[in-house]
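Engineer: Pasting in a structure now, in structure tokens, and then I'll have a few things to ask.
The values are calculated or read from the model by the stated rules, or taken from the named source; none is laboratory data. All of these numbers come straight from a predicted model, not from anything done at the bench. Counting neighbours? That spans all protein chains shown, and the Cβs are built from the backbone with ideal geometry, glycine included. The accessibility values were calculated without ligands, DNA or RNA, using every heavy atom of the protein model including side chains. Shrake-Rupley method; radii C 1.70, N 1.55, O 1.52, S 1.80 Å.
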Amino acid sequence: MATSHLRTEHDLKTVIHQWNREKLERYAISLTEAMNNSRRKLSELSALYETTHAWLQGLTLVEEIGQHLSATLNLNEVLELLLRRVSEALNVVDGSILFVEEPSGDLVFQTSLGSISEEVKPFRIPKGEGIAGEVAETGIPIRVDNAQEDSRHFKKIDQDTGFLTRSILCVPLRTREKTIGVMEVFNKRTGPFTDQDQLLLSSIANYAAIAIENARLHQSVLAEKDRVLKAQERVSRRLQRDLHDGPTQLVAALEMSIDFCQKALDKDPSLVRAELENMARITKKATHQMRTLLFELRPLVLETQGLVPALKSFVKRRQADDDKTTLHLVIRSDAPTGQITRLKSETESALFAIVQEAVNNALKHAHAENIYIKLTQRGNRLAVTILDDGLGFETKHIIKDYEQRGSYGMVNMKERAELAGGTLSLKSAPGAGTEIRVVVPINQP
Ligand SMILES: Nc1ncnc2c1ncn2[C@@H]1O[C@H](COP(=O)(O)OP(=O)(O)OP(=O)(O)O)[C@@H](O)[C@H]1O
Ligand SMILES: [Mg+2]
């Protein structure tokens with residue numbers, strides 16, 4: 001008999017009269033099962049309700065934050081707002097967002113809310129230490145009800161600031177590839193943190209990670225734009241200076257020679273021949289300088305034939321303009337062909353520009369007798385060294401003075417090397433010459 005047919009006490013009594021004991025027991029068992037099922041369903045439903053509620057709360061927050069995100073790309077503003085809203089929703093006293101700092105892997109405070117928000121900023125949590133460090137390493141959230149009794153808790157901050165951490169909820173900030181930081185809240189006012197709190201914080205953390213990624217992308221685009229503008233400015237300054245010191249002076253000399261010839265034609269025409277020979281020499285020199293300028297602005301041979309032919313051409317041109325310093329190009333390669341392997345065009349351009357700047361520096365500042373440009377290929381690495389035996393300089397002073405001097409030759413070289421996936425080192429000392437060395441990987445197909 002189905003349980004749904006038993007509506008009243010009278011029904012039940014009738015059944016008891018009619019049924020034997022065995023039937024009655026079976027009935028009791030099925031009734032208990034039905035009750036247990038209902039209880040289970042009820043608790044499933046209530047868990048589902050809590051989950052949905054957390055999501056809904058999360059979505060409302062996210063929607064609100066999303067509006068701010070599209071209105072501002074200021075990362076700190078966004079993170080602060082996010083943390084404030086999360087703290088309200090979770091009813092907590094304090095909260096922080098920490099970023100993983102590369103390459104150390106330590107955690108540093110990015111944004112903090114609460115009574116000690118300013119005091120915690122200088123702290124850094126060493127890689128893998130404390131609850132935050134563990135979350136950053138494993139990418140798995142951690143919930144702690146009694147922080148003081150948890151051996152993982154990083155107690156130094158409490159000790160130094162006088163803050164008493166009781167409960168902690170810490171979740172990772174994950175982008176597609178890796179964990180970039182953690183978001184944590186402390187001391188919930190109304191008891192321990194729940195599954196629902198964890199779900200809410202985790203879903204907010206997902207959006208925070210996207211916001212951080214976007215803002216970082218935006219910042220790197222701005223930095224790249226700034227870099228390009230600076231590079232353009234540098235090129236036009238150099239062009240202006242080279243045009244002024246080179247061809248412009250020669251054309252002015254030609255103008256004077258023409259004037260001289262005009263006068264000499266009337267007074268002493270025999271002087272004209274010698275002056276014309278002088279003018280031919282000046283014209284040849286001016287043509288050479290202008291071609292060098294054009295070559296250095298855009299070395300086509302670099303695009304078509306690669307780094308080594310471009311450097312040969314560069315050395316020949318620079319040598320023709322300078323008879324006090326000797327330029328040497330030394331090429332060594334352990335590749336089976338004995339040649340330097342061709343690299344990506346951006347890498348070759350970067351290396352060419354570095355050699356250009358280093359050689360120009362040596363010619364301009366070093367008063368060297370020799371400048372060596374050495375290309376050494378070993379295994380899958382190419383090292384380019386520019387070495388001079390000139391005056392040398394105190395590297396510390398130069399690096400310190402950059403902001404005021406407004407010349408970025410050295411900084412540019414370093415940036416270019418790093419963009420090409422390489423490293424740049426500089427060695428120099430007064431009286432001991434200068435050595436600049438760039439090492440880039442060779443990625444053979
Ligand atoms: N090979 C070198 N020998 C001696 N001093 C050098 C050498 N290379 C650089 N320096 C010193 O380092 C300084 C910084 O060089 P950097 O290339 O950054 O600037 P710059 O050459 O003065 O100006 P810019 O490159 O913007 O035209 C130079 O002014 C010079 O004092
Ligand atoms: Mg320079």
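Engineer: May I ask you to list the residues in region 366-380 that are touching a residue at least 60 places away in the same chain (Cβ under 8 Å) and either near ligand 1 (Cβ under 8 Å from one of its atoms) or in contact with a helix residue (DSSP H, G or I) (Cβ under 9 Å, 6 or more places away or on another chain) (or both)?
Structural biologist: A366, A368, I373, L375, listed by residue number.
Engineer: So, one more: Taking only pairs six or more apart or across chains, which ones have beta-carbon atoms under 6 Å, a first residue in region 259-286 that is farther than 28 Å from H244 by Cβ, and a second residue that is β-branched (V, I, T) and in a helix (DSSP H, G or I)?
Structural biologist: Pairs found: A264/V272.
Results for (1) part of a loop (DSSP other than H, G, I, E, B); (2) of a type in the set (S, T, Y); (3) open to solvent by 60 Å² or more (accessible area, probe 1.4 Å), shown as yes or no for each residue.
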position	(1), (2), (3)
E80	no, no, yes
V108	no, no, no
S112	no, yes, no
G128	yes, no, no
V135	no, no, no
S151	yes, yes, yes
R166	yes, no, yes
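Engineer: Let me ask another. Within region 349-365, can you find the residues that are free of Cβ contacts under 8 Å to residues at least 60 places away in the same chain and more than 22 Å from the chain's Cα centre (by Cα)?
Structural biologist: If the condition is that a residue be free of Cβ contacts under 8 Å to residues at least 60 places away in the same chain and more than 22 Å from the chain's Cα centre (by Cα), then F352, V355, E357, V359, N360, L363, K364, H365 are the ones that fit.
Engineer: When you scan region 412-445, how many residues do you find that are closer than 14 Å to S345 by Cα, more than 16 Å from ligand 1 (Cβ to nearest atom) and in contact with a strand residue (DSSP E or B) (Cβ under 9 Å, 6 or more places away or on another chain)?
Structural biologist: Number satisfying all stated conditions: 5.
Engineer: Can you tell me which residue is nearest to ligand 2 (Cβ to nearest atom) among those in region 347-377 that are touching a strand residue (DSSP E or B) at 6+ places or on another chain (Cβ under 8 Å) and open to solvent by 20 Å² or more (accessible area, probe 1.4 Å)?
Structural biologist: By that ranking, first place goes to N361.
Engineer: Of these, N187, N214, which one is outside any helix (DSSP H, G or I), under 30 Å from G128 (Cβ atoms) and not β-branched (V, I, T)?
Structural biologist: N187
Engineer: Just checking, does region 188-210 include any residue being among the aliphatic types (A, V, I, L, M), more than 16 Å from ligand 2 (Cβ to nearest atom) and open to solvent by 70 Å² or more (accessible area, probe 1.4 Å)?
Structural biologist: yes
Engineer: Taking the options S313, S257, S236, name whichever one is assigned to a helix (DSSP H, G or I) and in the same structural domain as L343 (by TED's automatic domain parsing).
Structural biologist: Answer to the selection: S313.
Engineer: Still on this structure, I have one more. Take R124 and decide whether it is at pLDDT below 95 and closer than 23 Å to L81 by Cβ.
Structural biologist: The answer is no for R124.
Engineer: Shifting gears a bit: Filter region 424-444 down to the residues that are polar (S, T, N, Q) and exposed (fewer than 13 other Cβ atoms within 10 Å of the Cβ) and list them by number.
Structural biologist: S425, N443, Q444
Engineer: If A417 satisfies every condition in (1) among the small types (G, A, S); (2) more than 26 Å from L300 (Cα to Cα); (3) part of a helix (DSSP H, G or I) but one, which is the exception?
Structural biologist: Result: A417 passes all but (2).
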